[in-house]
Amino acid sequence: MQEWPYVLPRCPEWRVTDQARHSSTTHPLSQVEASQDGAGPSCVTPRAPSGVTGPQPPLEMNLCWNEIKKKSHSLRARLEAFSDHSGKLQVPLQEIIDWLGQKDEELSAQLPLRGDVLLVQQEKETHAAFMEEVKSRGPYIYSVLESAQAFLSQHPFEELEEPTSESKDVSPRHRIQNISRFVWKQANVASELWEKLTARCVDQHRHIERTLEQLLEIKGAMEELSTTLDQAESVRETWEPIGDLFIDSLPEHIQSTKLFKEELSPMKDGVKVVNDLAHQLAISDVHLSMENSRTLEQINTRWKQLQVGRILLGSHQKQHQPKGGFGVDPTCVSLLAASVQVPWERAISPNKVPYYINHQAQTTCWDHPKMTELYQTLADLNNIKFSAYRTAMKLRRVQKALRLDMVTLATALEIFNEHNLQPSDRAMDVVEVIHCLTALYERLEEERGILVNVPLCVDMSLNWLLNVFDSGRSGKMRALSFKTGIACLCGTEVKEKFQYLFSQVANAGGLCDQRHLGVLLHEAIQVPRQLGEVAAFGGSNVEPSIRSCFRFSNGKATIEASQFLEWANLEPQSMVWL
């Protein structure tokens, strides 16, 4: 009988005696051992029944071979059933992952919402249909995930060592483990995507509902304001020109203007409400449609015209009444009085510095109520570890609150030149600062075509400048201080800021000595000092910074702009916050 030419991979050990091969007087097969790797018991070793004589090698060999074939078929059937079951899971799981990814993209495409009631209502219907489609798919997704969970409970996998590169064949056990692991990863991805999509659907539904409510509110408020403005404008048109009034009729006319002013108060609140709503929508990335934006712009323009008319009347009244307000421009007083709301009132000290009265708490303070709120929010940034970043984040928040991030240095320079803020060491009083700031924010409105609460921005910026450069409230600050504060917070590249600041202390030849550089650095360091961060930037002593800067002067007594910029690019301690 010939020898077997191969060895089965799952029955690696065959032991046949030499007598079984060459002799017919002994048993041809003494022992057959087969290991199934846990697939079943070892092959039995057939033995000749007692009483049977003579050689029977083919029969015994066939019995063992048939047993091996049965076990091999059984193992193959198990592997095929496993692969078939896992295959039925992998395909639907991948389809679910693809579908969820597609729906996530469709959901993102629904944003941003457009600022119109009809369009948002249409978007609401579209999103409702989208949510129904997602909801209807839910039972199928849950069914597949439950099947995957049941499959994994029957075929758990372990973190096995990767087969070595020398091993060319992957054992069936490793193959089963890999398939289970792949199904587990697919099921995890599908589950996470499903949870994310359903959560986003709910969030977007709430966003649409909230936006629709705000748009309906702003639409109703604008319609009501338009009607009220029509009535106010009609009343104003009935007034005679101021120059045509007789002295005897002035008391009556003054009384009527006071009543008119009282009637404008609710309108002022209404204008504030619609602008606040528009701002809230913009924060939520919902911008008003062209029609709504035009209506809001018209309302603000008409309201400003009414305010101007009221200011002119107030100015005329003051010409016929004892003067008050310590010689402050009445236009400024009337305009900036609108920067606070009840129970606050804006008042003016004898040196023209504003202060604020809280009639409810019966207290006074130098800081505007909004500035107090801003400083309270800055405390949240104290957990930032590094001082330069902490200071920068605080100043960024101040910059945005004052709307100076929208102002370019070029625009600021135009205003400075128009108001003749030279020489830089001359003193400015509060009224001059207010005039410059008012012109700056009005120019911002013109250039950017945006709505700016000019009274609030002017008062807040004045408040900040006084806190930084006139904390004692003397009512005076140098023109260099004013220009340094605006230049530091305007929305311009830092290199341009350094160039401009250097130009303000350089002589006609573009050179700066140590004394003038010290003046500039002293003004600049006041900005972080007001935030309580000056210690991290060398304190108020700027002498070390002056010495380090003049190392670039090549031994000369003056320094050029290029050398100053080279020093500034190294982020010196006193200026790194900028």
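Of note:
- Entries in K124/K272; K268/K304; K103/K196; K272/K400; K394/K497 that, when Cα-Cα distance is taken, lie over 22 Å: K124/K272
- With 0.36 nm allotted per residue and the present C-alpha distance subtracted, the A439-E418 stretch has 6.6 nm of extension available.
- Amide proton proximity set for I348, modelled H, under 5 Å, gap of 5+: Y355
- Take 208-215, 266-273 and order them by the average number of nearby Cβ atoms within 10 Å per residue, most first; the result is 208-215, 266-273.
- Contour minus Cα-Cα distance for E95 and I283 (0.36 nm per residue): 64.0 nm
- Pair R473, Q298: separation of 7 Å Cα→Cβ label points (nm): 4.4 nm
- Per-residue Karplus couplings for the stretch 218-230, computed as 6.51 cos²θ - 1.76 cosθ + 1.60 with θ equal to phi - 60°, are listed in order as 5, 5, x, 5, 5, 5, 5, 5, 4, 5, 5, 5, 4 Hz, Gly and Pro entered as x.
- From the alpha carbon centroid of the stretch 449-527 to that of the stretch 118-161 is 58 Å.
- The residues of the stretch 431-509 present an accessible area of 34 Å² per residue when probed at 1.4 Å with all protein chains retained.
- Checking every one of the GluC sites (Glu not before Pro) in the stretch 439-537 against DSSP loop status and a limit of 11 other Cβ atoms within 10 Å picks out E493.
- Förster-model FRET efficiency, 35 Å R0, Y389 and N358, C-beta, rounded to 0.05: 0.50
- Neighbourhood charge, 13 Å Cβ-Cβ cut-off, centred on F502 and excluding it, Lys, Arg +1 and Asp, Glu -1: -2
- Apportionment of accessible area to carbon and sulfur, the stretch 370-569, percent (1.4 Å): 50 percent
- For the stretch 132-142, the Karplus equation 6.51 cos²θ - 1.76 cosθ + 1.60, evaluated at θ = phi - 60°, returns couplings of 5, 5, 5, 4, 5, 7, x, x, 5, 5, 4 Hz by residue, with Gly and Pro reported as x.
- Along the stretch 531-546 the Karplus relation, 6.51 cos²θ - 1.76 cosθ + 1.60 evaluated at θ = phi - 60°, assigns HN-Hα couplings of 8, x, 10, 5, 4, 6, 10, x, x, 7, 7, 9, 4, x, 5, 4 Hz to successive residues, with x for each Gly and Pro.
- FRET efficiency, 1/(1 + (r/R0)^6) with R0 41 Å, evaluated for E224 and K135 via beta carbons: 0.55
The values are calculated or read from the model by the stated rules, or taken from the named source; none is laboratory data. Note that the structure is predicted; figures quoted are calculated from it, not measured. Heads up, the Cβs are rebuilt from the backbone with ideal geometry, glycines too, and the neighbour counts pull from every protein chain shown. All accessible areas refer to the heavy atoms of the entire protein, side chains included, with ligands and DNA or RNA removed. Shrake-Rupley method; radii C 1.70, N 1.55, O 1.52, S 1.80 Å.
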